[in-house]
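Worksheet for the structure shown next.
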Number of protein chains: 2
Amino acid sequence: MRLSRYFLPVLKEVPADVQIVSHQLMLRAGMIRQEAAGIYAWLPLGLRVLKKVEQIVREEMDRAGAVELLMPTLQLADLWRESGRYDDYGEEMLRITDRHKRDLLYGPTAEEVVTDIFRASVKSYKDLPLNLYNIQWKFRDERRPRFGVMRGREFLMKDAYSFDLDEAGARRAYNRMFVAYLNTFARMGLKAVPMKADTGPIGGDLSHEFIVLAETGESQVFCHRDLVEMGAPGPDVDFDGDLQPLVDERTALYAATEEMHDPAAFEAVPEADRLSARGIEVGHIFYFGEKYSRPMKAEVAGPDGQARPVHMGSYGVGVSRLLGAIIEASHDDGGIIWPDAVAPFDVAIINLKSGDAACDAACEKIYAGVKASGKSALYDDRDERAGAKFATMDLIGIPRQIVVGPKSIAEGNVEIKVRATGERSVASLDEALAGLTAA
Amino acid sequence: MRLSRYFLPVLKEVPADVQIVSHQLMLRAGMIRQEAAGIYAWLPLGLRVLKKVEQIVREEMDRAGAVELLMPTLQLADLWRESGRYDDYGEEMLRITDRHKRDLLYGPTAEEVVTDIFRASVKSYKDLPLNLYNIQWKFRDERRPRFGVMRGREFLMKDAYSFDLDEAGARRAYNRMFVAYLNTFARMGLKAVPMKADTGPIGGDLSHEFIVLAETGESQVFCHRDLVEMGAPGPDVDFDGDLQPLVDERTALYAATEEMHDPAAFEAVPEADRLSARGIEVGHIFYFGEKYSRPMKAEVAGPDGQARPVHMGSYGVGVSRLLGAIIEASHDDGGIIWPDAVAPFDVAIINLKSGDAACDAACEKIYAGVKASGKSALYDDRDERAGAKFATMDLIGIPRQIVVGPKSIAEGNVEIKVRATGERSVASLDEALAGLTAA
């Protein structure tokens with residue numbers, strides 16, 4: 001993409017009431033724009049990252065055997081009356097009346113809708129296990145939306161729902177999501193720790209939050225230090241196999257959110273291993289058994305021919321919120337430092353003298369070469385001061401910058417800067433291009 | 001994808017009040033499920049096609065130089081008060097009040113939001129031309145939603161907005177979209193004819209609808225027969241060049257929707273060339289000048305330093321509705337016939353005797369081979385009657401079927417069926433695989 005033809009409205013100043021660094025940087029980098037309290041437009045740069053994050057979430061869901069569908073944003077109130085949640089949900093639910101005076105709502109989650117879809121067509125245990133997920137905009141009418149996309153009202157969520165014949169099957173489904181989440185967050189460069197969590201309004205008796213540690217986290221969390229560096233099992237996990245050992249390894253050590261914190265148990269952790277920190281929730285998984293299937297009569301016939309309510313779980317990832325979490329975990333004074341896997345562009349090309357024939361030709365060659373290799377480049381071809389160009393590229397955090405200036409290009413050289421480390425090197429144009437387009 | 005692990009709830013019967021064939025087939029093929037009047041869930045098969053259609057629209061927008069962003073589904077009523085449309089829009093607008101009693105609405109279109117985004121950061125003609133688009137769910141509270149996704153209430157729309165310094169620039173922007181639309185629809189196998197159209201509530205003085213001819217079309221249209229087969233210019237168009245000749249070629253011949261129909265002009269077309277038919281609108285483009293930029297003060301400085309309102313146009317494609325239009329144009333008694341470019345899977349594999357070692361091994365080999373080539377396959381590995389398997393694959397319309405049975409595989413052969421023509425052939429397993437994975 002040529003910057004002269006792009007839409008990248010970077011800001012010099014952000015409103016004084018913007019409190020956390022990810023919110024500031026997303027505004028300054030021209031990634032988002034607030035349209036109403038807690039409601040954001042995703043500007044082109046922000047949308048590119050959002051789609052990368054979304055695609056990683058999708059690929060890891062697919063790998064774990066979940067099947068993607070898409071539920072509508074608006075839902076019938078009657079379904080929520082059936083489950084009993086319509087009156088309980090409170091003011092966070094955005095209730096809507098249409099022209100024919102029917103009660104709708106903007107879905108804050110989709111247990112009811114997916115249970116309705118399930119019961120309409122699945123009748124036998126032979127069609128289980130089943131895990132249906134979608135990545136769709138949700139709305140929760142937070143009383144005090146803040147921190148940008150970290151606590152927005154309209155937000156993008158991946159929500160998966162598992163259906164099994166019995167609790168044992170549901171626990172296997174739960175484990176698949178537990179492991180898929182480890183891989184998902186690791187691919188984005190995040191260290192996310194699964195912690196015992198409260199089940200809240202979803203209900204149920206088994207739940208973990210996946211927490212990224214960050215100073216600006218919304219809540220206090222407590223865990224054994226080893227969990228932070230434990231890493232993820234990676235893509236070769238056999239999701240048809242027994243995942244319990246992988247889960248046990250990560251649940252044997254102490255880890256709990258504030259609501260579930262047990263100070264006595266935490267004291268039992270060796271003092272040097274105790275970690276108490278702020279955390280950002282990026283995922284939340286629940287097993288809740290028959291909570292929805294029983295009132296909504298989502299039943300299947302078992303091997304004995306008897307119909308029984310299915311055992312369900314639900315599994316959320318805050319897709320839009322993840323961008324905030326990634327930035328909180330990866331930035332410096334100059335701006336954002338994107339991990340490669342979610343960077344909006346792979347390569348930044350800075351032309352220090354647009355209009356100079358040698359500089360233009362070198363930049364065009366790099367731009368075409370990067371694109372031909374299947375990678376993406378943002379080419380700053382504008383007639384702007386070098387300082388402003390450097391600052392913008394640092395701010396928006398593209399992993400590798402390649403700088404083309406009249407002096408160095410006269411010697412056939414360009415400068416390469418690695419955004420994360422600030423490391424600079426000089427290479428011939430061809431060497432630089434080979435390095436940028438490799439793997 | 002193995003069908004045993006997929007979610008494909010095909011229906012034997014559809015409700016009696018389902019009137020048109022695309023709606024019937026989308027329900028029967030397990031592509032969609034109605035959640036409320038005019039509100040649908042996209043089941044896995046439907047979502048796959050929706051994403052293919054969306055991606056074609058996206059690629060052709062990008063090729064024409066438009067830049068993608070994403071605006072939220074909910075918008076502030078105050079922006080619409082600024083443009084003067086809030087009171088005019090009527091009951092089709094879904095109006096919402098949040099917990100703090102602020103007036104929101106579910107966006108039926110986004111001229112106001114995008115104009116607000118534009119005016120906040122673009123101040124000079126040097127940043128023009130600019131075309132911003134998004135592919136986002138919209139809501140129009142139709143009094144009588146019907147015909148499935150063809151006239152839904154919650155629907156997926158691509159809406160693009162162009163910004164130019166003057167009318168001449170805006171006409172060039174209009175032409176780029178005109179040509180991009182020709183290419184977009186052609187890639188989906190559709191013959192879409194641009195027709196002079198009424199500008200309706202968007203306003204403006206230049207507008208074309210892109211119409212797919214179909215017996216079940218919602219409105220009567222009139223055009224010169226040659227336009228139907230005129231085809232699209234294709235991907236090598238230079239969008240920086242002069243597109244006026246391409247546009248003129250297609251606007252010189254008579255073509256108008258019912259609202260704009262001029263019987264006298266139509267009579268001037270040679271009788272054999274006159275075509276009067278039903279049509280489905282799949283795209284609509286508008287030039288409306290300063291209609292929004294003037295009241296909303298979206299101004300840029302020209303070369304003379306004087307600020308002036310920008311000239312705008314907007315350009316819609318009904319992404320979800322396109323699936324209905326494609327099916328209306330491409331089906332037979334057995335079901336849907338997907339054009340290759342939008343097919344949910346490239347290849348269907350039918351195992352006539354699941355559990356038979358030779359059949360299973362052959363199917364697995366084909367399944368792995370198709371996937372390795374970068375194409376997608378739906379493998380019916382279920383223990384089901386052959387007749388039901390054939391009927392399901394015909395119904396869901398995957399372009400190529402490969403049938404593996406115990407008799408033929410004993411001779412090393414499989415049967416290949418082309419869904420569109422019904423043509424069958426026998427080939428060795430390796431030949432068949434080479435044919436399926438080529439190009």
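Quick notes on this one:
Every residue, every condition in (1) at pLDDT 95 or above; (2) over 14 Å from the mean Cα position of the chain (by Cα); (3) open to solvent by 30 Å² or more (accessible area, probe 1.4 Å), yes or no:
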residue: A:306; (1), (2), (3): yes, yes, yes
residue: A:315; (1), (2), (3): yes, no, no
residue: A:327; (1), (2), (3): yes, no, no
residue: A:332; (1), (2), (3): yes, yes, yes
residue: A:342; (1), (2), (3): yes, no, no
residue: A:358; (1), (2), (3): yes, yes, yes
residue: A:363; (1), (2), (3): yes, yes, no
residue: A:368; (1), (2), (3): yes, yes, yes
residue: A:377; (1), (2), (3): yes, yes, no
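- Residue within segment B:65-77 that is more than 8 Å from chain A (Cβ to nearest Cβ) and open to solvent by 30 Å² or more (accessible area, probe 1.4 Å) present: no
- Take the conditions (1) assigned to a helix (DSSP H, G or I); (2) facing another protein chain (nearest Cβ under 10 Å); (3) open to solvent by less than 20 Å² (accessible area, probe 1.4 Å); residue B:120 misses just one of them, which is (3).
- Among residues that are surrounded by 24 or more Cβ atoms within 10 Å (Cβ to Cβ), on the phi < 0 side of the Ramachandran plot and touching a Leu at 6+ places or on another chain (Cβ under 8 Å), residue B:402 is included.
- Test result for residue A:104, facing chain B (nearest Cβ under 9 Å), assigned to a strand (DSSP E or B), closer than 25 Å to residue B:5 by Cβ and of a type in the set (A, V, I, L, M, F, W, C): no
Quick grid of which residues meet (1) open to solvent by 30 Å² or more (accessible area, probe 1.4 Å); (2) of a type outside the set (A, V, I, L, M); (3) more than 20 Å from the chain's Cα centre (by Cα):
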position	(1), (2), (3)
B:102	yes, yes, yes
B:111	no, yes, yes
B:114	no, no, yes
B:144	yes, yes, yes
B:153	no, yes, no
B:156	no, no, no
B:159	no, yes, no
B:179	no, no, no
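- Count of segment B:161-177 residues, restricted to those that are within 20 Å of the chain's Cα centre (by Cα) and either open to solvent by 20 Å² or more (accessible area, probe 1.4 Å) or free of Cβ contacts under 8 Å to residues at least 40 places away in the same chain (or both), is 1.
- Residue within segment A:3-22 that is among the hydroxyl-bearing types (Ser, Thr, Tyr), in a helix (DSSP H, G or I) and either in contact with a Lys or Arg (Cβ under 7 Å, 6 or more places away or on another chain) or open to solvent by 20 Å² or more (accessible area, probe 1.4 Å) (or both) present: yes
- For the residues A:158, A:126, A:138, the requirement of being free of Cβ contacts under 8 Å to residues at least 24 places away in the same chain and either closer than 30 Å to residue A:91 by Cα or within 10 Å of chain B (Cβ to nearest Cβ) (or both) singles out A:126.
- Helices (runs of 4 or more DSSP H) contained in segment B:337-439 and holding at least 3 residues of a type outside the set (Lys, Arg) and within 26 Å of residue B:185 (Cβ to Cβ): B:386-396
- Residue within segment B:23-34 that is touching a strand residue (DSSP E or B) at 6+ places or on another chain (Cβ under 8 Å), surrounded by fewer than 21 Cβ atoms within 10 Å (Cβ to Cβ) and closer than 19 Å to residue B:154 by Cα present: yes
- Residue satisfying condition, being surrounded by 15 or more Cβ atoms within 10 Å (Cβ to Cβ), touching a Pro at 6+ places or on another chain (Cβ under 7 Å) and at pLDDT 95 or above, within set B:394, B:346: B:346
- Residue among B:57, B:114 that is away from every other protein chain (no Cβ under 11 Å) and of a type in the set (Val, Ile, Thr): B:57
- Residue within segment A:79-94 that is within 12 Å of chain B (Cβ to nearest Cβ), in contact with a helix residue (DSSP H, G or I) (Cβ under 9 Å, 6 or more places away or on another chain), open to solvent by less than 40 Å² (accessible area, probe 1.4 Å) and closer than 30 Å to residue B:163 by Cα present: no
- Enumerated strands (runs of 3 or more DSSP E) restricted to segment A:188-279, each holding at least 2 residues that are open to solvent by less than 70 Å² (accessible area, probe 1.4 Å) and of a type outside the set (A, V, I, L, M, F, W, C): A:206-213, A:219-224
Residues are listed down the side, and each one gets a yes or a no for (1) touching a residue at least 12 places away in the same chain (Cβ under 8 Å); (2) of a type outside the set (Lys, Arg); (3) closer than 19 Å to residue A:30 by Cα:
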| site | (1), (2), (3) |
| --- | --- |
| A:342 | yes, yes, yes |
| A:345 | yes, yes, yes |
| A:353 | yes, no, no |
| A:378 | yes, yes, yes |
| A:399 | yes, yes, yes |
| A:427 | yes, yes, no |
| A:432 | yes, yes, no |
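The values are calculated or read from the model by the stated rules, or taken from the named source; none is laboratory data. Since the structure is predicted, the reported quantities are computational estimates derived from the model, not experimental observations. Virtual Cβ from ideal backbone geometry, glycine too; neighbours counted across all protein chains shown. Please note that ligands, DNA and RNA were not included when accessible areas were found on the heavy atoms of the full protein model with its side chains. Shrake-Rupley method; radii C 1.70, N 1.55, O 1.52, S 1.80 Å.
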